[in-house]
1. Taking the Cα centre of the range 1-45 as origin, sum charge times position over the Cβ atoms of Lys and Arg (+1) and Asp and Glu (-1), and report the length of that vector in debye to the nearest 20.
2. Just want to confirm a number: the relative contact order over the range 14-75, from Cα pairs under 8 angstrom separated by 6+ residues, in percent.
3. Which value at 222 nm does the chain reach when only helices count, each DSSP H run of 4 or more adding -39,500 (n - 2.57), with the total divided by all residues and rounded to the nearest 500 deg cm²/dmol?
4. If I model a spin label as a point 7 Å beyond the Cα along the Cα-Cβ vector, how far apart are those points for Thr75 and Ala25 in nm?
5. Which label marks the calculated value of Rg/Rh (Cα atoms, Kirkwood Rh), given the options (1) 0.97; (2) 1.02; (3) 1.10?
6. Only Lys, Arg, Asp and Glu count, each charged at its Cβ (+1, +1, -1, -1), so figure out the dipole size of the range 14-75 about its Cα centre, rounded to 20 debye.
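Just so it is clear, none of the values below were taken in a lab; they were calculated from the coordinates. What you see is a predicted model, and the numbers here were worked out from it, not measured in a lab. Every residue, glycine as well, gets a Cβ built from its backbone with ideal geometry; the counts of neighbours run over all protein chains shown.
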Amino acid sequence: MQNAEAEDIGVVVAIGFVDKSCIAANQIQKWSRQFDRLDEGRDAWVPFPPKRISENDERVFFAVVVPGFSTMAITGSQDLPIKCSV
């Protein structure tokens, strides 16, 4: 896209992957993975839950809908995420 401004974009579907060797070496919990998008206006990382869309022998692929282009990271931890119910 040429000459696109931030206000011209409604949402973005980002697709990324994580190497299975990285997941295994770091003992990353399957349910803890998320996409983090840098909100430059707030200078803060904002988490977005990804959807696993496929995998092969080497990689797990994810998709996530975010409100625009920015720096992104796929993160995870060794622990299950804590979910609170109301």
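1. My answer is approximately 520 debye.
2. Dividing the mean separation by the residue count of the range 14-75 yields 44 percent.
3. -1500 deg cm²/dmol
4. Label at Thr75, label at Ala25, 2.1 nm between them.
5. From the options (1) 0.97; (2) 1.02; (3) 1.10, the structure gives (2).
6. Using only the charged Cβ atoms, the result is roughly 240 debye.
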